[in-house]
Amino acid sequence: MIEAKMTENDEKKWYLKGYERAIREMKRSEERIREMRMNRICPAVIADGMPHASGGSDLSGYAARLDEEERKYRKARYLRIKRCQEIMDRIERLKNEDEKDVLMFRYIKLMKWEDICVEMNLSWRRVHYIHSNALEHLEIPKSA
């Protein structure tokens, strides 16, 4: 029984952390786009004193790669928003307001446990107790 409960709670935590994973994916995509643009604006300098032509044929490949990365970014942003709404809907179905708050602070606002304790003016132990109850009451999609 305990093993099954741990597995179920782990699944619920994995589901709730999906929003954080979506944010991280979006940030990585933003960084790749920033790098591509910086490398295009400030290409590596060859310090041999000789003039070098910048290849014009290079631009179409750059534009295609940048366009592809921007498409990935838009998709990641869409998935982040969709995941956030889905998780918030699941959290809002809980009856207990403290349980809603703990899950929102932890998994949507991505707050640390210490900050949640301060925000709610509760002890560490109490916040974890509420979190445990919230996970028990939370219903997630079967395919999550």
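The values are calculated or read from the model by the stated rules, or taken from the named source; none is laboratory data. Just so you know, these numbers come straight off a predicted model, no measurement behind them. Using ideal geometry, Cβ is built from the backbone for each residue, glycine included, and neighbour counts are taken over all protein chains shown.
Below is a table of values for the structure above.
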read-out: Residue that is under 30 Å from PRO141 (Cβ atoms), among the β-branched types (Val, Ile, Thr) and modelled with pLDDT under 90, where the choices are ILE2, ILE81; value: ILE2
read-out: Candidates GLU11, GLU69 - the one that is at pLDDT 90 or above and part of a helix (DSSP H, G or I); value: GLU11
read-out: Filter pass, ASP101 being acidic (Asp, Glu), modelled with pLDDT of 95 or more and either surrounded by fewer than 17 Cβ atoms within 10 Å (Cβ to Cβ) or part of a helix (DSSP H, G or I) (or both); value: yes
read-out: For LYS95: the one exception among (1) under 17 Å from LYS17 (Cβ atoms); (2) without any contact (Cβ under 8 Å) to a residue 60 or more places away in the chain; (3) of a type in the set (Lys, Arg); value: (1)
read-out: Odd one out for LEU79, checked against (1) within 19 Å of GLU25 (Cα to Cα); (2) in contact (Cβ under 8 Å) with a residue 12 or more places away in the chain; (3) not in a helix (DSSP H, G or I); value: (3)
read-out: Residue under evaluation LEU94, criteria (1) assigned to a helix (DSSP H, G or I); (2) at pLDDT 85 or above; (3) surrounded by 15 or more Cβ atoms within 10 Å (Cβ to Cβ), criterion not met; value: (1)
read-out: Residue in the stretch 110-131 that is surrounded by fewer than 16 Cβ atoms within 10 Å (Cβ to Cβ) and touching a residue at least 60 places away in the same chain (Cβ under 8 Å) present; value: yes
